[in-house]
């Protein structure tokens, strides 16, 4: 009986944890669902390394792989660096909707003070996010309601807790985890080739 109880507890725990390589309805995605390679990115909007990857590498990767149907991109939230800034940004992006989610996150990554390390006491994050929300078509009232939505905040926290990652950005490429920080396009080329049975990544 004790063994059965332990097994039941383990199965219940497993059911609560989202498989790292399974796309869910909560995920924000780009690219074809039929792409041969799926990349999960775990990133925080207040993480400087995530911003560097988004701004310096992702545009070329998107043009080369996502827009051509070779990669499906799955963005998953993390709350590293300044968790409150990251959370407010993610809430805003989700309120903008799937069609504008990546527009909003990209705009946030391009606000240097949002992910700078050091003293940012003079930075008005609320004003920066409001301007981005307006650019995505949200009204001021919609934005204020969005960032104060306790249900959405709890859902965000639950998603983040289920992912079980150690650092950002972390990438999972066809099931293989890369925790080396912002990867270069050459790193991505190699990892994608390996995922398709090509040259192994080192």
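Side notes on the structure shown:
- Highest-first arrangement of 90-97, 166-173, 65-72, 140-147, where packing means the average Cβ count within 10 Å: 90-97, 166-173, 65-72, 140-147
- Distance between modelled label sites at residue 153 and residue 185, nm, 7 Å Cα→Cβ extension: 4.1 nm
- Percent RCO, i.e. relative contact order, over the stretch 18-195, from Cα pairs under 8 Å lying at least 6 residues apart: 31 percent
- Of all DSSP-defined beta bridges confined to the stretch 18-195, some 60% are antiparallel rather than parallel.
- As a rough guide to protection, the peptides 37-45, 102-110 ranked by mean Cβ packing within 10 Å, highest first, stand as 37-45, 102-110.
- A straight chain from residue 193 to residue 60 at 0.36 nm per residue would run longer than the Cα-Cα distance by 46.3 nm.
- Relative protection proxy for 52-62, 24-34, from highest mean packing down: 52-62, 24-34 (other beta-carbon atoms within 10 angstrom).
- The spacing between the stretch 155-196 and the stretch 66-86, judged by their C-alpha centroids, is 9 Å.
- Cα→Cβ-extended label distance, 7 Å offset, between residue 67 and residue 26, nm: 3.2 nm
Rule-based calculations on the coordinates, nothing more; no lab input. These figures come from a predicted structure and were not determined experimentally. Reconstructed Cβ throughout: ideal geometry from the backbone, glycine too, with neighbour counts over all protein chains shown.
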